[in-house]
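Report on the structure given below.
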Amino acid sequence: MTEASQGLAVGDLSEGGLLARIFPLLGPPTGTVVGPGDDAAVLADHGGPVVVSVDTLVEDHDFRLIRANGFRTTGYDVGWKSAAQNLSDINAMGGTATALVVSLTLPPQTPVEWVEDCARGLAAAIRGLDATGCSVVGGDLGGGSQLVITAAVTGRLGGAAVLRSGAEVGHTVAVAGTLGRAAAGLAILEDGRPVEEFGSTGEELVAAQLRPCPPLAAGPAAATAGASAMLDISDGLVRDAGRIATASGVRLDLDPALLRRYAGPLLSAADLLGVDPMDWVLGGGEDHGLLATFPQDALLPPGFTAVGSVVPGTPQVTLESQATALRGWDHFAD
C-alpha cells in the first residue's frame with residue numbers, strides 16, 4: 001500500500017488514474033512487442049504453438065473478503081491465486097507461460113490499496129513461482145457490484161501438448177505437488193475459530209489455500225519424460241482423475257496406501273476439525289499439483305510420485321479396485 005492510496009476508493013479515481021497506479025507494480029513486460037496501455041498486447045513470435053487458457057475468481061464464490069472468523073483475504077492473496085491457477089493450466093499441458101492479461105471488475109467502494117495489493121500479488125506469484133519469461137502484458141478494468149478477477153494466459157510448448165486423452169492400460173498414475181493442503185486451509189478458514197488456534201501448521205495450510213504453489217517445472221519435465229496424459233488438480237484428485245479416465249476410455253485405480261503419505265501434514269488440523277484427512281487428499285482441489293500418466297517403463301521425472309495405475313474397465317476412478325464416491329468441486333453443483 002502506498003501512503004497516497006490510503007483512504008482512496010476506486011470510485012474516487014478515473015480508469016486512467018487507477019491504471020497509472022497498477023502498471024508500475026506489475027513489473028516490466030517480457031517477451032512482448034507491445035505491453036500494457038494499448039488496445040491489445042503484441043507478443044513476440046516464439047516460432048511454435050501458442051497455448052491459451054483463462055480462469056476467473058469471483059467474490060463470495062471463489063473467495064471471501066471477510067470470513068466468519070474475521071480473517072480478511074487481501075488483494076495480494078487474490079492476485080497471487082489468480083496468477084497461480086492460470087500458470088498451472090499451461091503447466092498441465094507441458095508448457096511454460098509467456099504472458100498474462102488480467103481483467104478486474106471493481107465495485108466503486110473498493111479501496112485503491114486493495115487493487116494495488118492485487119497487482120503486487122500477481123507480480124509476486126510470477127516471480128515466486130519462477131515463471132521465467134512471463135509477465136502481465138495488459139488487461140481491462142470495469143465496474144460492477146462484486147469483485148471479479150479474470151486472467152488469460154498464453155504459453156509455449158517444447159514439443160507436443162500433453163492431453164487428457166492419452167492414458168493407456170498398464171500406464172502408471174503419478175502426482176506432482178501436494179494434495180489436500182489447500183482444502184484443509186479452506187476448512188480452517190470456514191471454521192468459526194481464529195486461524196491462530198490451529199497453530200503454525202494451520203497457518204501454513206491457510207497459506208496453501210490463499211497462495212497455492214503449483215510445481216511449474218514439473219509440467220515440461222513430464223512432457224519430456226513421455227507423459228501420456230496430464231491435467232492440473234484444481235477440483236480434487238478423484239474428480240480430476242475421472243476426467244482423464246473419461247477422456248482416455250480407461251479406469252484409473254488409485255492406491256490408498258500410496259496416497260496416505262499426503263495425509264500426514266493434515267492430521268493435526270483434521271483432528272481439531274473432526275474430519276478424515278483422506279477426504280481432503282481425495283476430494284480437495286486448489287493445490288494445483290499435476291496428475292499424469294506415464295508408460296510403465298518410463299522413469300518418473302523429479303517431483304512425481306506414483307499413486308496408482310491405469311487398468312482395463314469402464315472409465316471411472318477406483319480405490320484398490322473398489323468404486324469410490326465422486327469427490328471434489330463443481331462450480332455449479334456445489
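Every read-out reported here was derived from the displayed coordinates using simple, explicitly stated rules and does not represent laboratory data. All values reported here derive from a predicted model rather than from experimental measurement. Note that we place each Cβ from the backbone using ideal geometry, even for glycine, and neighbour counts take in every protein chain shown.
Of all the residues in the stretch 118-153, those that are surrounded by 15 or more Cβ atoms within 10 Å (Cβ to Cβ) and among the basic types (Lys, Arg) number 1.
If a residue must be surrounded by fewer than 22 Cβ atoms within 10 Å (Cβ to Cβ) and under 20 Å from GLY236 (Cα atoms), how many such residues does the stretch 191-207 contain? Don't jump to the end; show me each part of the working.
Narrowing the stretch 191-207 to residues surrounded by fewer than 22 Cβ atoms within 10 Å (Cβ to Cβ): 191-197, 199-201, 203-204, 207.
Still in the running and under 20 Å from GLY236 (Cα atoms): 204, 207.
Residues flagged as surrounded by fewer than 22 Cβ atoms within 10 Å (Cβ to Cβ) and under 20 Å from GLY236 (Cα atoms) within the stretch 191-207 amount to 2.
Residues of the stretch 217-237 that are closer than 27 Å to LEU299 by Cβ, surrounded by fewer than 24 Cβ atoms within 10 Å (Cβ to Cβ) and not hydroxyl-bearing (Ser, Thr, Tyr): ALA217, PRO220, ALA221, ALA223, ALA225, GLY226, LEU231. When LEU267 is tested against (1) free of Cβ contacts under 8 Å to residues at least 24 places away in the same chain; (2) within 22 Å of the chain's Cα centre (by Cα), exactly one condition is not met: (2).
To keep it simple, each residue is scored yes or no on (1) surrounded by 17 or more Cβ atoms within 10 Å (Cβ to Cβ); (2) under 18 Å from CYS213 (Cα atoms).
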site: VAL275; (1), (2): no, no
site: VAL281; (1), (2): yes, yes
site: PHE294; (1), (2): yes, no
site: ASP297; (1), (2): no, no
site: PHE304; (1), (2): yes, yes
site: VAL307; (1), (2): yes, no
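Of all residues in the stretch 113-135, those satisfying the criterion of being aliphatic (A, V, I, L, M), out of contact with any Phe, Trp or Tyr (no Cβ under 9 Å at 6 or more places or on another chain) and closer than 14 Å to PRO29 by Cβ are ALA123, ILE126, ALA131.
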